[in-house]
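Here the structure is laid out as structure tokens; the discussion comes afterwards.
The values are calculated or read from the model by the stated rules, or taken from the named source; none is laboratory data. Keep in mind it's a predicted model, so treat the numbers as computed, not measured. We place every Cβ from the backbone using ideal geometry, glycine too, and count neighbours over all the protein chains shown.
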Ligand code: KG4
Ligand code: ZN
């Protein structure tokens with residue numbers, strides 16, 4: 001008998017629900033909160049209130065789009081960490097209540113592991129082990145994925161995440177939140193003519209806070225000479241920033257591939273939607289004879305389908321949570 005899962009994601013500013021049957025996605029509904037655009041970042045209090053408002057309609061739409069009823073559900077997979085505590089709490093409480101009412105089990109999913117699982121959606125899947133560069137608004141890590149339930153992190157950021165580097169630098173340029181996609185768009189109109197120092201971090205770890213600071217001082221000095229500098233050079237500034245960030249990411253990924261000898265290389269997380277990073281990875285793949293895996297755009301940014309895929313593997317391994325499950329920001 002095929003198993004049917006409801007998956008729910010509410011760790012940051014997207015409320016999402018998906019229906020997964022035997023590892024196949026039947027529906028994936030994402031409601032993004034636009035309240036944060038003009039506020040320059042996600043405001044936790046506003047985010048959790050918006051989840052409260054949207055979670056029921058989003059779950060109902062995921063069910064109706066897939067023509068599944070609550071009585072068809074075998075389990076509920078829910079993101080319990082990491083993320084904003086208030087946002088996670090809404091999803092976890094909703095999932096616990098629904099599981100209790102339907103008398104079905106809960107499955108606890110880690111949001112970062114789920115981002116990696118986006119690579120296991122569809123026909124063209126990497127074989128194990130594969131290396132994954134997971135780049136989101138809150139995290140940046142390189143992992144060896146031995147299996148869906150055995151993920152070994154071998155490098156991580158020691159300060160800001162790659163997404164934060166995009167968002168915070170973009171804010172300095174006056175771009176709305178999240179600035180990552182805006183920088184991507186502007187960069188296509190410019191050239192990477194400005195250079196910024198790259199961090200000298202040993203091993204496979206990353207650092208992005210220095211870039212943000214040097215970008216701030218660079219802008220301050222240029223604006224003192226020409227108050228319209230940003231306005232006139234926005235495209236080149238975005239192209240230069242994007243070039244620096246993707247270069248930092250790629251250097252570590254190349255180092256990880258050399259050290260581990262793994263040639264199956266995947267991308268994951270919101271920043272994996274970046275067009276320059278996607279094409280740079282394809283270029284490097286051709287150069288190093290890597291097999292490249294990049295999730296479809298809608299599975300890079302936050303979504304419940306990826307939660308459902310991780311939930312599916314956990315369900316088949318008998319890894320269930322119970323009503324003591326709690327949200328955890330880390
Ligand atoms: O994975 P995600 O949707 O949420 C978190 O788990 O954080 O990632 C959001 C991050 C934001 O920092 C956003 O600016 C970045 O992904 N992002 C991009 C692009 N699309 C989203 N960064 C660069 N280029 C993009 N096209
Ligand atoms: Zn995410």
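Numbers at a glance
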| read-out | value |
| --- | --- |
| Residue under evaluation residue 120, criteria (1) within 11 Å of ligand 1 (Cβ to nearest atom); (2) within 18 Å of the chain's Cα centre (by Cα), criterion not met | (1) |
| Subset of the stretch 64-95 that is more than 24 Å from the chain's Cα centre (by Cα) and either in a helix (DSSP H, G or I) or at pLDDT below 95 (or both) - its residue that is farthest from ligand 2 (Cβ to nearest atom) | 71 |
| Whichever residue in the stretch 295-330 is without any contact (Cβ under 8 Å) to a residue 60 or more places away in the chain and more than 13 Å from residue 75 (Cβ to Cβ) and, among such residues, is surrounded by the most Cβ atoms within 10 Å (Cβ to Cβ) | 297 |
| Residue within the stretch 132-150 that is touching a strand residue (DSSP E or B) at 6+ places or on another chain (Cβ under 7 Å), closer than 30 Å to residue 71 by Cβ and touching a residue at least 60 places away in the same chain (Cβ under 8 Å) present | no |
| Which listed residue, of 253, 267, 249, is under 19 Å from the mean Cα position of the chain (by Cα) and outside any helix (DSSP H, G or I) | 267 |
| Leading residue by the ranking (nearest to residue 253 (Cα to Cα)) among those in the stretch 193-213 that are in contact with a strand residue (DSSP E or B) (Cβ under 8 Å, 6 or more places away or on another chain) and surrounded by fewer than 17 Cβ atoms within 10 Å (Cβ to Cβ) | 203 |
| Qualifying residue in the stretch 270-291 (condition: part of a loop (DSSP other than H, G, I, E, B), within 17 Å of residue 130 (Cα to Cα), assigned by TED's automatic domain parsing to the domain that holds residue 253 and within 12 Å of ligand 1 (Cβ to nearest atom)) | no |
| Tally of residues being assigned to a loop (DSSP other than H, G, I, E, B) and within 13 Å of ligand 2 (Cβ to nearest atom) across the stretch 97-115 | 0 |
| Residue match in the stretch 244-252 (condition: assigned by TED's automatic domain parsing to the domain that holds residue 214 and more than 26 Å from residue 201 (Cβ to Cβ)) | no |
| Number of the exception - residue 50 against (1) more than 13 Å from ligand 1 (Cβ to nearest atom); (2) more than 27 Å from residue 169 (Cβ to Cβ) | (2) |
| Any hit, the stretch 183-192, residues being more than 16 Å from residue 272 (Cα to Cα), under 23 Å from the mean Cα position of the chain (by Cα) and crowded, with 19+ Cβ neighbours inside 10 Å | yes |
